[in-house]
Structure formats: C-alpha cells, structure tokens
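Since the structure comes first, as structure tokens, the remarks are kept for the end.
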Amino acid sequence: MKKDSKSERNLAIRVVMMPRDTNPLGSIFGGYILSLIDFAAGQHARFVSPQKYLTKVMREVEFIAPVFVGDSVSFYTETVKIGKTSMTVRIDVEATRGEDCVETIHVTTAEAVMVAVDDDNRPVPIKTR
C-alpha cells in the first residue's frame, strides 16, 4: 500500500480474476469480491494503526458492473472516520479489462467498520501515530 496521508485514497490490493472464482453464470462470484473488500479494509486499518482488527459492519454493497475472468480488480481504500475503538474504511472497487487493459470500470463502493481488538478479541483503543 502506498504510504500517503490516512485520508487519501490508497491502493490496498490488486487481484487478477481466475476461472476458479466464477459463479455458474460465468462472471466472478460476488462473495469472492466481498471477501476481497473485507481483506482490503483490514489491510487499510492495519496500515493506519498496526493492530489486530475484526470486521464489525460491512455497509450495503451494490454491484454496478460484473467482473470477468482476466479482469485486474483494484481495491482502493481511504479512512472515513476513526473512533475510539473502530475505524470506518471506504473501499472503491475498479476492474480493468481488455487485452490492452484500456477499459477501467467502477464495480462497487463499500464501507466497512473495523474494530481494534486484543488477543482475546475484546475492543481496545486505536493507537494513533
């Protein structure tokens, strides 16, 4: 992840979609994209404040466009809010497709609330740098 300000949009992860990730209709399974959204939010939270996090909430996710095998999917994150024990992260998902990778489409946007926890999974204050 690019080391920028906590409020700037950062590339958290980028993944090329493979045939194993497809649903019976031939597009990428939405649940797989959701799991990557969760992963990107966790990566972002750990970058902002290196701690252990659990996902508390993933707000409504509406898929605007399908994702296909071979698409390079990028998950951009930014901090929306930092509370005492939780952090809200915005995740923008974009797919780049085509042999020349010339078309980039917006797939979805989500918000996830990540809670900092101790070794017993109890909420703890978020450490600020």
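The values are calculated or read from the model by the stated rules, or taken from the named source; none is laboratory data. Please read all numbers here as calculations on a predicted model, not as lab measurements. In this analysis, Cβ positions are derived from the backbone assuming ideal geometry, glycine residues included, and neighbour counts consider all displayed protein chains. Note: areas computed on protein heavy atoms with side chains; ligands, DNA, RNA excluded. Shrake-Rupley method; radii C 1.70, N 1.55, O 1.52, S 1.80 Å.
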* To do: With the full set of protein chains in place, find how many percent of the accessible area of the chain is carbon and sulfur; take the probe as 1.4 Å.
  => 52
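How big is the Kirkwood radius of region 56-128, worked out from every pair of different alpha carbons and given in Å to one decimal?
Details: mean 1/r = 0.0711 Å⁻¹.
Result for region 56-128 stands at 14.1 Å.
Trypsin sites (Lys or Arg not before Pro) within region 8-117: which are DSSP loop residues with at most 16 other Cβ atoms inside 10 Å?
Numbers: sites: ARG9, ARG14, ARG20, ARG46, LYS52, LYS56, ARG59, LYS81, LYS84, ARG90, ARG97; in loops: ARG9, ARG59, LYS84.
Sites meeting the loop and neighbour criteria: ARG9, ARG59, LYS84.
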* Asked: Between region 110-129 and region 22-74, what is the C-alpha centre distance in whole Å?
  -> 19
* To do: Find me the longest stretch of the chain that has none of the exposed GluC sites (Glu not before Pro), where exposed means in a DSSP loop (not H, G, I, E or B) with at most 14 other Cβ atoms within 10 Å.
  => 9-59
* Structure fact -> For VAL124, the residues 5 or more places away or on another chain with a placed amide H closer than 5 Å to its own amide H are ALA116, VAL117, ASP118
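Kindly report the accessible area of the chain per residue (heavy atoms of protein chains, probe 1.4 Å, no ligands, DNA or RNA), in Å².
Values: 7270 Å² over 129 residues.
I get 56 Å² per residue for this part.
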* **Partner aspartates and glutamates for LYS127 [C-alpha distance under 20 Å; skip if fewer than 8 residues away on the same chain]** => ASP4, GLU8, GLU78, ASP118, ASP119
* Kirkwood hydrodynamic radius for region 1-123: how many Å is it when counted over pairs of different Cα atoms? -> 14.9
* Asked: Calculated from DSSP H runs of 4 or more alone, at -39500 (n - 2.57) each and per residue, what is the 222 nm mean residue ellipticity of the chain, nearest 500?
  -> -5000 deg cm²/dmol
* Asked: Put +1 on the Cβ of each Lys and Arg and -1 on the Cβ of each Asp and Glu in the chain; which of GLY26, SER74, GLY98 then has its Cα farthest toward the positive end of the dipole?
  -> SER74
